[in-house]
1. What's the number of the condition ILE364 fails, among (1) in contact (Cβ under 8 Å) with a residue 60 or more places away in the chain; (2) of a type outside the set (Gly, Ala, Ser); (3) not in a loop (DSSP other than H, G, I, E, B)?
2. Scan ASP156, ASP163, ASP145 and give me the residue that is touching a residue at least 12 places away in the same chain (Cβ under 8 Å) and surrounded by fewer than 16 Cβ atoms within 10 Å (Cβ to Cβ).
3. Within the range 135-153, is even one residue more than 10 Å from ligand 1 (Cβ to nearest atom), under 30 Å from ASP181 (Cβ atoms), of a type in the set (Asp, Glu) and in contact with a helix residue (DSSP H, G or I) (Cβ under 6 Å, 6 or more places away or on another chain)?
4. Just wondering, is there one or more residues in the range 262-270 that are over 30 Å from LYS417 (Cα atoms), assigned by TED's automatic domain parsing to the domain that holds ALA141, in a loop (DSSP other than H, G, I, E, B) and open to solvent by 10 Å² or more (accessible area, probe 1.4 Å)?
5. Name the single residue, out of those in the range 174-216 being open to solvent by 20 Å² or more (accessible area, probe 1.4 Å) and under 14 Å from ASP97 (Cα atoms), that is modelled with the lowest pLDDT.
6. For the condition in contact with a helix residue (DSSP H, G or I) (Cβ under 8 Å, 6 or more places away or on another chain), buried (at least 18 other Cβ atoms within 10 Å of the Cβ), part of a loop (DSSP other than H, G, I, E, B) and in the same structural domain as LEU334 (by TED's automatic domain parsing), what is the one hit in VAL405, VAL391, VAL450?
7. If you check every pair at least six apart or on different chains, which have Cβ atoms under 6 Å apart with a residue in the range 117-131 that is within 20 Å of ALA159 (Cβ to Cβ) and assigned by TED's automatic domain parsing to the domain that holds ILE171 first and a residue that is within 15 Å of ligand 2 (Cβ to nearest atom) and open to solvent by less than 10 Å² (accessible area, probe 1.4 Å) second?
8. Given LEU134, LEU113, LEU93, LEU139, which one is more than 10 Å from ligand 2 (Cβ to nearest atom) and either outside the structural domain of GLY164 (by TED's automatic domain parsing) or free of Cβ contacts under 8 Å to residues at least 12 places away in the same chain (or both)?
Amino acid sequence: MAKPKTQFVCQNCGTVHNRWAGKCDGCGEWNTIVEEDPMGGIGSGPGKVPKKGRAVALTTLSGETEHAPRVHTGISELDRATGGGFVRGSAVLIGGDPGIGKSTLLMQAAAALARQGHRIIYVSGEEAVAQVRLRAQRLGAADTDVLLAAETNVEDILATIADGKRPDLVIIDSIQTLWSDTADAAPGTVTQVRTGVQAMIRFAKQTGAAMVLVGHVTKEGQIAGPRVVEHMVDAVLYFEGDRGHHYRILRTVKNRFGPTDEIGVFEMSDKGLREVTNPSELFLGERNSKSPGAAVFAGMEGTRPVLVEVQALVAPTSLGTPRRAVVGWDSSRLSMILAVLEAHCGVRLGQHDVYLNVAGGYRISEPAADLAVASALVSSLAGVALPADYVYFGEISLSGAVRPVSQTAQRLKEAEKLGFAGAMLPATSAELPKGGNARWTKIEDLPDLVSRIAGSVKKLGKGSDDD
Ligand code: TYD
Ligand code: MG
């Protein structure tokens with residue numbers, strides 16, 4: 001019998017190679033290919049007689065369920081993002097760019113929980129005990145009973161956290177520093193990260209402790225030791241923010257125990273992260289409503305309305321190919337709006353540079369922002385400031401029609417709460433609230449919007465052409 005050849009398997013995507021290579025052809029990741037024994041796995045051919053399986057009892061979907069027991073931190077923005085607190089026996093991954101504030105957030109959470117009498121263990125693999133203590137002092141958390149260890153070896157960590165009373169919450173900062181004796185690879189590699197995380201998840205499931213894993217996002221926007229970790233854990237949260245701005249957003253990407261479209265908003269201060277309970281006020285904070293090109297978008301983040309200003313600058317270009325620059329929105333979506341404006345409204349922007357910015361460094365992902373973007377663009381081109389007390393929302397289709405969006409009532413309620421007197425919204429919007437002093441301007445299609453803002457559509461089209 002021929003000697004079975006060993007095979008080389010990418011630890012990131014599972015592609016099998018005949019030879020070792022630095023880069024995987026399947027997923028393009030580097031250093032993820034590991035030699036494996038084909039006799040060890042499923043379908044490895046003759047050689048080993050498979051063990052006879054044990055039958056497990058089948059059950060039905062209906063039956064007794066237990067409510068996921070949660071540990072509430074009392075930091076409401078964090079509890080909101082996790083869906084009501086950390087679930088016992090589950091593992092949560094908190095990802096984010098280095099320096100964004102993950103350790104700060106978790107130290108604050110740890111301190112809040114320790115004050116409630118929970119047993120919290122914070123394992124730092126990146127910083128020495130003295131550094132963590134310094135941060136705790138800065139956060140006013142130094143007097144709490146958070147148990148601290150600076151350790152990176154998986155077996156040592158497991159022995160430490162299994163020792164004594166069961167912890168309510170274990171924080172591992174970060175998974176990239178974990179290394180295990182059992183995995184034959186350097187720390188930070190996929191194999192090591194995966195082995196470490198697996199061991200931590202197993203501990204959480206066996207003991208019922210909540211496990212929080214911190215993971216750094218690499219330049220490509222994935223957590224190093226990549227996607228392998230995301231599908232293993234019960235919840236994935238990303239901590240995002242712009243270095244130029246003080247606020248941070250905790251966004252839920254995956255949650256087996258709660259909604260995935262929630263966000264928590266924080267502001268970084270010199271004493272740590274402060275909760276922002278009304279994000280709209282933050283994003284509208286430094287508004288100059290008298291200049292053309294600014295429209296307030298009434299957006300939604302999960303169940304929460306967020307008002308944010310969309311700014312556009314349309315200026316004659318001096319280049320052969322005009323510039324299109326977008327911050328905080330999808331650039332292909334902008335191209336689409338520009339095309340619809342040109343095709344259906346005669347607004348020609350071929351000789352203009354277009355800059356679009358979402359204020360405060362915020363990122364909009366909703367198509368509902370189309371109407372606000374179109375309004376800002378037309379306003380800037382026409383040099384007419386939009387009414388300062390109006391909000392805009394609605395999706396624009398390729399035919400130029402303005403389509404209704406969900407949660408109209410919540411958007412309008414938030415706008416009214418913040419003192420906006422009216423809204424431009426899709427004509428077919430359902431559930432318009434009755435009463436109140438607010439004015440709703442229903443927009444049928446894009447030409448309708450353009451004529452309302454710029455007066456005559458024709459004038460605008462020609463004007464841009466003559467320049
Ligand atoms: P940190 O939590 O260490 O980031 P991460 O763990 O995600 O790498 O936060 C680091 C940044 O936050 C650092 O640049 C300093 C800043 N910071 C404050 O502005 N105020 C504070 O109270 C703390 C603790 C940190
Ligand atoms: Mg850190």
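The values are calculated or read from the model by the stated rules, or taken from the named source; none is laboratory data. Computed from a prediction, not measured in an experiment: that's the story for all the values here. Note: ideal-geometry Cβ built from the backbone for every residue, glycine included; neighbour counts use all protein chains shown. With ligands, DNA and RNA removed, areas are computed over all heavy atoms of the protein, side chains included. Shrake-Rupley method; radii C 1.70, N 1.55, O 1.52, S 1.80 Å.
1. Every condition holds for ILE364 apart from (3).
2. Details: ASP156 fails: touching a residue at least 12 places away in the same chain (Cβ under 8 Å); ASP163 fails: touching a residue at least 12 places away in the same chain (Cβ under 8 Å).
From the options ASP156, ASP163, ASP145, the qualifying one is ASP145.
3. So far as the range 135-153 goes, yes, one or more of its residues are more than 10 Å from ligand 1 (Cβ to nearest atom), under 30 Å from ASP181 (Cβ atoms), of a type in the set (Asp, Glu) and in contact with a helix residue (DSSP H, G or I) (Cβ under 6 Å, 6 or more places away or on another chain).
4. In the first step, residues of the range 262-270 are kept if they are over 30 Å from LYS417 (Cα atoms); the result is 270.
From what's left, assigned by TED's automatic domain parsing to the domain that holds ALA141: 270.
Imposing the further condition that a residue be in a loop (DSSP other than H, G, I, E, B) reduces the set to 270.
Those left that are additionally open to solvent by 10 Å² or more (accessible area, probe 1.4 Å): 270.
Yes, there is a match, as at least one residue in the range 262-270 is over 30 Å from LYS417 (Cα atoms), assigned by TED's automatic domain parsing to the domain that holds ALA141, in a loop (DSSP other than H, G, I, E, B) and open to solvent by 10 Å² or more (accessible area, probe 1.4 Å).
5. Among residues in the range 174-216 that are open to solvent by 20 Å² or more (accessible area, probe 1.4 Å) and under 14 Å from ASP97 (Cα atoms), the one modelled with the lowest pLDDT is HIS216.
6. VAL405
7. Going by the 6 Å Cβ cut-off, the qualifying pairs are ILE120/ALA110; TYR122/ALA110; TYR122/ILE171; VAL123/ILE172; SER124/VAL132; SER124/ASP173.
8. Of LEU134, LEU113, LEU93, LEU139, the one residue that is more than 10 Å from ligand 2 (Cβ to nearest atom) and either outside the structural domain of GLY164 (by TED's automatic domain parsing) or free of Cβ contacts under 8 Å to residues at least 12 places away in the same chain (or both) is LEU134.
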